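First comes the structure, then the notes that go with it.
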Amino acid sequence: MTDPAVFLNNYMLGPDLLTILVSLVIVILMRVSYIKKEENFMIFRRLPRLLILASCADILYHVLLYRWGVSLDPITYVVYLIYYGSLVTALYTYMIYSQATMWREDETWIGMTGICRAFLVISHIVVIIMPFAGGMRFSQLESYAFAILYSLSMLILLYMILKCRHHVYGRIFSAIWRATLLATLLMYTQLIFCQTSFITATFLFPTITFLYLLHSNPYDFSLGAVGEDAFEDMIAYNLTEGRDLYLMSLYIHDLELAGGDMPREVQKKIRYYGDRFIKGSQLFRISDGHFILVLDTHKNPSYEANAHQMLESFYGEYKKFGLNYKIVFMSSIPEISAKNDYIPMLQFLHSRMDENEVLKVSEEDIEAYRRHDYILDELRDIGAKKDMKDDRVLVFCQPVLNTRTGKYDTAEALMRLKLPETGVVFPDQFIPLAEKYGLIHTLSLIILAKTCSEIRSLLDEGYNVKRLSVNFSMIDVREPDFAQDVKGIVTAAGIPNEKIAIEITESQNERDFLLVKERLHELRDSGIKFYLDDFGTGYSSFERIMELPFDIIKFDRSLTIASRADKRIETMVTYLAHMFTDMNYSVLYEGVEDDKDENRCIRMYARYLQGYKYSKPVPIERLRDFFVKE
């Protein structure tokens, strides 16, 4: 039996007060930061609350003992149960948290969950009956009993950590077991000196370790913004809570180009908007120049008026800084929230907007994005299946007139999609998407395979086919197996290699140029022909053209159009075409629309003519209407 005076003299209030204050700070940090609301965090957030409850109960427990002495009256007993019950529950929470954080779902872990639950039940039974072992009088027996329970829980926790050490980053693993070891040492050191004041405080060590390592706050200190992951987690969490949100998106293209290098005055103003106009809002920085301010409409009933005031203030700042912008206002949409698609939706809307435009999202905008999203999903499915006969990918062709024979013997293959929900989709609607998401190469190969198959059919039927050309982008050329893919498809179709031509646009990038040079020379040896597409637009280097094995130079339709009205341009184009002809290149003019265009282009050394005068792009099967049999 321990003298209560000795016990009370050994008790120090400080550790419990410190535990309460530190735990409150942790609770505050968890409330103001955007930590992912994953399963392990939802378990972790109970820990500081349990420690606050345990510390308060410990203080009250000692106050009651000091007042009424060694006898445990019913009130003291209830406080005792709250104190030790909270500590035991905290131990159990640590074990379950560790499982949710590090363990894999298999039979071993399911068995360990049962052990943890058994530990919780047995521990609570021990806590309930321990006062009776001391005759309902104060005894250190409770402290020693809890120390044993603590040791058991630490052994279970240590086993779990060691078992999962190969699934956890080494430094994180090291920090967790060291923090656990320090907590255990503090527990037993205090008992050696007949102390119980630090029992609750020992729980702070692993709590702070887990908070810092696994749930640290990603705030940008200067802006008060958090990142894309936090934004997506916030959307998912508020969807489950059934909360309506209002989103204000600001895109500043100049900041995107500057790599996020933002003047201090601009930082100050962006930070100011969330603090000044809309309380309780949160700013997210999605990229260097893209910011989204989000608020809970229930907590901000006047959000539309506040947003209008903020916009008026922004106009004034624009006059000062002159940074071009795109601003979008929108309410949360359950369908978009469920897919967590706000970022791609806003990027899609930005792509449709002019600079310095403000958009309040309408049903038409939402429907346009649905179509865009549907096309992207179909493209991803096409890319995943890699079916060279995919019915959703169509080949259209625009016939090309041979000025020497006056007949059609070549054509350009063009890409279309035909999707169940949208019908035919034109290239400007899906090629940028396919290039952005790395899906263009599969489409290009499908077009090549279908083109080769049709050439085989035309040849078998006796048609005169000089060649068909297929467009490839620099993204295609960058593929390591580009040349092998092309040769494999042409060979599989059983057609002469010279019946296929590859159209490619010259790149300004030195690295890309060297890659194109390597790939084209590799394919050139097999007999495949090459077109330089879009000559006359952007950057064209004669030196580089000479280094690449092109057969045909395609003059862009802009040159055809410009030569109509300006004699100087006609003269310039004529000299260029003459030069290429003398160097054994063939010249093809695009955009021929009438007889005047045709006659002028022939005067300008045209070998081939292509345009609406002859035909719009038609399904590849209709080439039989233009080609002739030998």
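Nothing in this text is a laboratory measurement; each read-out follows from the coordinates by a stated rule. Please read these numbers as outputs of a predicted model, since none were measured by experiment. Counting neighbours? That spans all protein chains shown, and the Cβs are built from the backbone with ideal geometry, glycine included.
Where both bridge residues fall in the chain, DSSP classifies roughly 60% of the beta bridges as antiparallel. Projecting the Cα atoms of His578, His521, Ser558 onto the charge dipole of the chain (Cβ charges, centred on the Cα centre) puts His521 farthest toward the positive pole. Normalised Debye scattering of segment 225-361 at q = 0.09 Å⁻¹ gives log10 I(q)/I(0) of -0.24, counting only Cα atoms as equal scatterers and leaving out solvent. Using the Cβ-Cβ distance between Met572 and Asn509 with R0 set to 30 Å, the FRET efficiency works out to roughly 0.65. Per-residue extension of 0.36 nm, minus the Cα-Cα distance of Asp381 and Asp229, leaves a gain of 52.2 nm for this segment.
Under a model in which nothing but the beta-carbon of Lys, Arg (+1) and Asp, Glu (-1) is charged, the chain shows a dipole of about 1100 debye around its Cα centre.
Between Tyr144 and Arg243, the FRET efficiency estimated from the beta carbon spacing at R0 = 56 angstrom works out to 0.70.
Counting every pair of alpha carbons in segment 480-558, the share spaced more than 15 Å apart comes to 57 percent.
How tilted is helix 264-276 with respect to the longest principal axis of the chain? Cα atoms for both, answer in degrees (0 to 90, nearest 10). Roughly 60 degrees between the two axes. For segment 309-314, backbone phi angles converted through the Karplus equation (6.51, -1.76, 1.60; θ = phi - 60°) give residue-by-residue couplings of 4, 4, 5, 4, 5, 5 Hz, Gly and Pro being listed as x. Full extension of the chain segment joining Asp582 with Val27 gains 191.8 nm, where the gain is 0.36 nm per residue of separation less the Cα-Cα distance.
P(r) for the chain, from all Cα pairs and a bin width of 10 Å, is 3, 12, 16, 15, 14, 13, 10, 7, 5, 3, 2, 0 %, short bins first. Straight-line cross-link reach from Lys499 at under 17 Å between alpha-carbon atoms covers these lysines, not counting any fewer than eight positions away in the same chain: Lys407, Lys450, Lys466, Lys487, Lys529, Lys629. Amide H to amide H, with H built 1.01 Å from N, Thr505 comes under 5 Å of Asp533, counting only residues 5 or more places away or on other chains. In segment 578-618, the inverse of the mean reciprocal separation of distinct Cα atoms equals 10.6 Å; this is its Kirkwood hydrodynamic radius. Compactness ratio for segment 305-417: Cα radius of gyration over 2.2 N^0.38 Å (N = residue count) comes to 1.68.
Using the Cβ-Cβ distance between Lys613 and Phe426 with R0 = 22 Å, the FRET efficiency computed as 1/(1 + (r/R0)^6) comes to roughly 0.55. In whole percents, the pair-distance distribution calculated for segment 513-630 from its alpha-carbon pairs, binned every 10 Å from zero, is 12, 39, 32, 16, 0.
In the chain, the calculated helix contribution to ellipticity at 222 nm averages -18500 deg cm²/dmol per residue, counting -39,500 (n - 2.57) for every DSSP H run with n ≥ 4. Summarising the label geometry, the points placed 7 Å from Cα in the beta-carbon direction at Ile125 and Ser457 lie 7.9 nm from one another.
Computed log10 I(q)/I(0) for segment 528-594 at 0.14, 0.15, 0.20, 0.21 Å⁻¹: -0.40, -0.46, -0.81, -0.89, from the Debye equation with unit scatterers placed on every C-alpha and solvent omitted.
Working from the Cα coordinates of segment 451-511, the gyration tensor eigenvalues give, after taking √(5λ), semi-axes of 26, 13, 7 Å in decreasing order.
Considering the options Phe430, Leu443, Ala411, tell which one lies farthest towards the positive end of the dipole of segment 401-554, charges being +1 on Lys and Arg and -1 on Asp and Glu at the Cβ, about the Cα centre. Final value for the positive-end residue is Ala411.
Alpha-carbon geometry of segment 374-625: the Rg and the Dmax are 17.9, 52 Å, given in that order. For the chain, the longest principal axis of the C-alpha atoms and the axis of helix 204-214 are separated by about 0°. Applying the Karplus relation 6.51 cos²θ - 1.76 cosθ + 1.60 with θ = phi - 60° to segment 546-563 yields 3J(HN,Hα) values of 5, 7, 9, x, 6, 9, 10, 9, 8, 6, 4, 4, 4, 6, 4, 5, 5, 6 Hz, where x marks Gly and Pro. Residue ranges 442-452, 350-360, 291-301, 456-466 sort as 442-452, 291-301, 456-466, 350-360 when ordered by packing (mean number of other C-beta atoms within 10 Å per residue, highest first).
Length gained on full extension, Ala118 to Asn340, computed as 0.36 nm times the residue gap minus the Cα-Cα distance: 76.0 nm. Within straight-line reach of Lys320, meaning a Cα separation under 19 Å, sit the following lysines at least 8 residues removed in sequence or on another chain: Lys268, Lys269.
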